Each structure stands twice: as structure tokens, then as C-alpha cells.
Amino acid sequence: NAGVTQTPKFRILKIGQSMTLQCAQDMNHNYMYWYRQDPGMGLKLIYYSVGAGITDKGEVPNGYNVSRSTTEDFPLRLELAAPSQTSVYFCATLLGGGNTEAFFGQGTRLTVV
Amino acid sequence: RKEVEQDPGPFNVPEGATVAFNCTYSNSASQSFFWYRQDCRKEPKLLMSVYSSGNEDGRFTAQLNRASQYISLLIRDSKLSDSATYLCVEGGGNKLTFGTGTQLKVEL
């Protein structure tokens, strides 16, 4: 079992470029989340999904898009990258919502220059 | 007011010391609370859940005070390997809300 897998681990983008951060899980969890963590800060929720075909905005959704066509995958799309999107991005899954343990991927470190 | 607030620290303690962290939450209807540990540049991992009756796991004890809306984490006999950031987490509905974390440095 791989758990939660994020790719890529590192990426440098130029301002205005686009990219997709991949997140895949083999835990058969319905709930999936994207967080960003700026240096010295906590995790801020970008988008989340409670099941295939369902997505919702979190605290900081501007500049991002998501889709959830399968239970396993929850990609995060950055359009027109900006320096403010320089951060570490974590994907997480939960078995049963906010009263259960979260399992995180290893993170994607993104720098926008 | 932030939903989950923590003292960022750092807490610098000698090996063998007892250290306690507190965390306050604003949503009185919150049902679930957790402590996560995050090592430098790594993903967070669950340390322990927090129950109203309190719970203990080895050197770690977590307490929930619903009346005052805070949770605590006590670490006894600190080890060098306990050095990390400890995240207070409130769970409700479909989401988890993370505090900014408290940094612990255990020194020789």
C-alpha cells in the first residue's frame, strides 16, 4: 500500500505558467483535501472533496482548480502561477470526515519565480 | 479570531524535562480534536486523538476542557527525538482545521 502519493516532489515555475499537482490514494477514502503551508505557518485548506464528482472550496481557493473524477485521484490545477503561490502543498485523505485521522502525502514544494 | 490558536514557541527544553502546550478553539460545537506532529519539511502525522476524559499514550497525555475551549498536550521525560512542531487540530463536519503549530526543541 502506497497510501497517499503526490507528484512532483519539487517544482519551479515561472510567473504565468500553469501546472497540475497530482495526488493519488489507494486507501479507498472518500474524503480528499488540498492544503498549502507557507513557511512558519499552519495548513490552509484550498479545496476538498467528499467523493467522486463533488468538490468544494476551502479557505484559500483563489488561483486554483480541482476535479475529482475518481475516488483515487484529486489533482490540483494552478493557472497563471504567481509568486504568492510559492508554498508547500499537501494532499490528505480522511476515511470518514472531520472526526477521523488524516493521512498526508509527502508534499510538493513549489517555487514561483 | 482564529478558529484554532496556538503559541508558536519555540519551546526550548532540556532532555528529560516535562513540557506542556495549550491550544484554544473558537467553535463550541466542535466534536473532535487531535494533536499532530510535523517534523521539519515533512508531512503531518497523527500523534493522538483528544477525548473529554483525557487520554495517555506513553509519555504523552492529552486533555480537553470544553468549558474553557482548550486542549492540552503534556510531554514527560522529553527526548531529543521529540523535537518537532505540534499541530492542534479541530475536526468537524467534513473538515479538519489546523492550528499554526508549536515548535519544540529538546536540547542536551
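A few notes on this one:
- Complete set of residues in the stretch B:37-56 that are more than 14 Å from every other protein chain (Cβ to nearest Cβ) and open to solvent by 60 Å² or more (accessible area, probe 1.4 Å): B:SER53, B:GLU56
- Residue match in the stretch A:11-28 (condition: acidic (Asp, Glu), open to solvent by 50 Å² or more (accessible area, probe 1.4 Å) and within 15 Å of the chain's Cα centre (by Cα)): no
- Within the stretch A:88-113, considering residues that are in a strand (DSSP E or B) and among the small types (Gly, Ala, Ser), the one nearest to the other protein chains (Cβ to nearest Cβ): A:ALA102
- Applying a threshold of 6 Å to beta carbon distances and a minimum spacing of six or more residues, or different chains, the list of pairs starting in the stretch B:81-108 at a residue that is more than 8 Å from chain A (Cβ to nearest Cβ) and on the phi < 0 side of the Ramachandran plot and ending at one that is open to solvent by 40 Å² or more (accessible area, probe 1.4 Å) and of a type in the set (A, V, I, L, M, F, W, C) reads B:LEU104/B:PHE11; B:VAL106/B:LEU80.
- Of all residues in the stretch A:74-87 being more than 12 Å from the chain's Cα centre (by Cα) and surrounded by 15 or more Cβ atoms within 10 Å (Cβ to Cβ), the one that is farthest from the other protein chains (Cβ to nearest Cβ): A:ALA81
- Applying the criterion of being within 12 Å of chain A (Cβ to nearest Cβ) and part of a loop (DSSP other than H, G, I, E, B) to the residues of the stretch B:1-16, the residue that is least open to solvent (accessible area, probe 1.4 Å) is B:GLY9.
- Residues in the stretch B:47-67 that are among the hydroxyl-bearing types (Ser, Thr, Tyr) and either touching a helix residue (DSSP H, G or I) at 6+ places or on another chain (Cβ under 7 Å) or not in a strand (DSSP E or B) (or both): B:TYR51, B:SER52, B:SER53.
- Extreme residue, surrounded by the most Cβ atoms within 10 Å (Cβ to Cβ), among residues of the stretch B:74-108 that are of a type in the set (A, V, I, L, M, F, W, C) and farther than 20 Å from A:GLN37 by Cβ: B:ILE75
- Test: residue in the stretch B:17-31 that is part of a strand (DSSP E or B) and touching a helix residue (DSSP H, G or I) at 6+ places or on another chain (Cβ under 9 Å): yes
- Across the stretch A:48-67, the qualifying residues are those that are open to solvent by 20 Å² or more (accessible area, probe 1.4 Å) and in a strand (DSSP E or B), and the one among them that is farthest from the other protein chains (Cβ to nearest Cβ) is A:ASN65.
- The residues of the stretch B:23-60 that are hydroxyl-bearing (Ser, Thr, Tyr) and closer than 14 Å to B:LEU96 by Cβ, listed by number, are B:TYR25, B:SER30, B:SER32, B:TYR36, B:SER49.
- The requirement of being open to solvent by less than 60 Å² (accessible area, probe 1.4 Å) and either at the interface with chain B (Cβ under 9 Å from one of its Cβ atoms) or assigned to a loop (DSSP other than H, G, I, E, B) (or both) is satisfied by A:THR71.
- Verdict on B:ARG66 being under 27 Å from A:ASP38 (Cα atoms) and open to solvent by 60 Å² or more (accessible area, probe 1.4 Å): no
The values are calculated or read from the model by the stated rules, or taken from the named source; none is laboratory data. Being a predicted model, the structure only gives us computed values, none of them experimental. Positions of Cβ are generated from backbone atoms using ideal geometry, with glycine treated the same way; all protein chains shown enter the neighbour counts. To get the accessible areas, we keep the full protein, side chains included, count just its heavy atoms, and leave off ligands, DNA and RNA. Shrake-Rupley method; radii C 1.70, N 1.55, O 1.52, S 1.80 Å.
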